[in-house]
Amino acid sequence: MISRNLYINIVLRVTAIVIFAVLTALSIAFHKPLIISISGTIAIIFITLNLIKYLNSTNRKISYFLESVQNEDSALSFPVTANNRTIRDLGNSLDRINDQIQKLRIASRQQEQYFQALMEHVATGIITYNSSGFIIHANSAAKKMLAADVLTHIKQLERINRKVFQTIQSINSAEQHMVSFATEKGTVQLLLKASSFKNGDEELIILSIQDIRNEMDEKELDSWIKLIRVMMHEIINSIAPITSLSESLGRLYSEEGKPVQPEKINEKVIQTTIQGLGVIRSQGNGLLSFIESYRKLTRLPKPEKKLIKAEDLLGRLAVLYQSFESKNKSELTVSCTPEDLELYADEGMISLCLINLVKNAMQSNEENTEGRISVKASVRNGRPEISVTDNGPGIPAELLDEIFVPFFTTRQDGTGIGLSISRQIMRLHGGSLRVKSAPGKETVFTLTF
C-alpha cells in the first residue's frame, strides 16, 4: 500500500531527525565532547536532505503523472523495477490509474463517435453553437439544407441568406420559427427549433432544422384533393337535377326533333314547365350560395388585434347563447382561469369562432336529454387557450381529418364551412384550432393563441 510505505519512510526519517536533535542538544547541555555535537548536527543535515530528496522524488512522479494526464499522454508509464519499494508501489498505482483513465477516454471517444455518426444519419439538421456564435458541430443534413459546405460561425449564414441569419440570431430557447429562402435547387422552407443547455460554465444552443417543404406540399395536395372531391360532389348534386329536368322540359316542347304546334301546348304542359323552372331556379340559387360560401372562405380580412379580456369575451358569449333557439336543450357554462387572462386577438373574429363551435356543440346534443356545453379559458404551456366541450355522441375517428375540409358536412342543412372558417381565423392569428373526441363521451375543440 502506497500510503503505508510512504508513511513509514517519513516517520522513520522524522524520528531519526528528532533523536539526533535531542542527542545533540543533550551533548551541548552537558558539555560533552564537541565531536558528538558535530556528528549529531551532520546526521541531522544528512537525514533532512534525504527526506527532502525522498519527498521530491515522490512529488516529481505525481507531478509528472498529473501533467501527462492533463496533456492526454497515452504513452505514460512508470518503472516497476525501482529499488525503492515505495517508489515502485507508487509507480504501479499510478500506472493502474493511468490505464483506467485511458479506458474512460477511449469509451468517451467511442460514445462521441457513435453520437456523431448517429447525427450524420438523421434527416433533421442539427447545429450546436455557443453564445458567441461559434459552431461546435453541424451535421451534413444541416449543411445540405442551408447550402453550405463548411460551417464554423453563425455569421457565415448571412452570406447564404440574410433572413435565415436574422431568424437564427433572434431565436430564443424553446421557440420555433418558419423561414423560407431560394437556393439553386429551388425554394426551401425550414422549420427552426432551438433549445439551450449548460456545458460546464458555457451555455450552448442546439438548433434543429427541418425541411418541411415536401411535407407541406403533400398536405397541400391532400387538402386540394379533399376540397375538389367535396366541391365536385356539391356541384354534381346541383347540376344533375337541372340537366335531367331540362331534358324532360325539352321533350314537352319537341316532337321527333321538331317544335310542337302551339295548339298542342295545354295547361298541364304550362304548369309542368313552371314547376320545372322553379326547381331549376332553386338549384341555381343553391349553387350560387355554395360559390358565395367559397368566396367568404378565401377572402377573410386581416385580424385587427388588440388586448381583450377573456372573461368579458366569454360573458358576452353566454348572453348571446340565450338568444339561440335550442338553448334549452343544452346547459352552457363558462369559466376563465386566471380571471385577468387577456388575449391579443380580433374580438369579432374570435367571437365568430366561438359561436360556430357552440352551435356545433348544440347540434351534437340535439338528441341528448342531459346536454352540457362547457367553454373554458385558461393557460397551458405558457399559451392562452379556449376550449369548447360537449357531451354529445362524439366524432368518429375516420371523420376527424375530414371535418375541417371546406364544405364537408354530415348535416343535410349544413354548409360545411363553419369549422373551415374558424380554423382559418386561428391561423390568421398565428394560433391553431384542434379537436379531440371520445365517441360516446365528449368532444373538445381547442383554440390556442
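Readers should treat all values here as calculations from the given coordinates under stated rules, not as data from a laboratory. Model, not experiment: these values are computed from the prediction. For neighbour counting, all protein chains shown are included, and Cβ atoms are generated from backbone atoms with ideal geometry for every residue, glycine included.
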Lys305 versus Phe134, label points 7 Å from Cα toward the beta carbon: distance in nm? 3.8
Karplus ³J(HN,Hα) for segment 433-449 (6.51 cos²θ - 1.76 cosθ + 1.60, θ = phi - 60°; Hz, whole; x = Gly/Pro) runs 10, 10, 10, 9, 9, 10, x, x, 10, 6, 10, 10, 9, 10, 9, 10, 9
Taking 7 Å along the Cα-to-C-beta vector as the label spot, tell me the Lys359-Ala147 distance in nanometres, rounded to one decimal. 4.7
Local charge sum around Gly430 (other residues, Cβ-Cβ under 11 Å, Lys/Arg +1, Asp/Glu -1)? +3
Which listed pairs, of Lys359/Lys441; Lys302/Lys359; Lys306/Lys359; Lys329/Lys436; Lys198/Lys436, have C-alpha distances above 30 Å, in listed order: Lys198/Lys436
Can you report the principal axis dimensions of segment 122-211 using only the alpha carbons, biggest first, rounded to whole angstrom? 41, 26, 24
Can you tell me the order of 131-142, 348-359 when each peptide is scored by its average per-residue count of other Cβ atoms within 10 angstrom, highest first? 348-359, 131-142
Per-residue ³J(HN,Hα) for segment 245-251, Karplus 6.51 cos²θ - 1.76 cosθ + 1.60, θ = phi - 60°, Hz, x for Gly and Pro: 5, 4, 5, 5, 5, x, 5
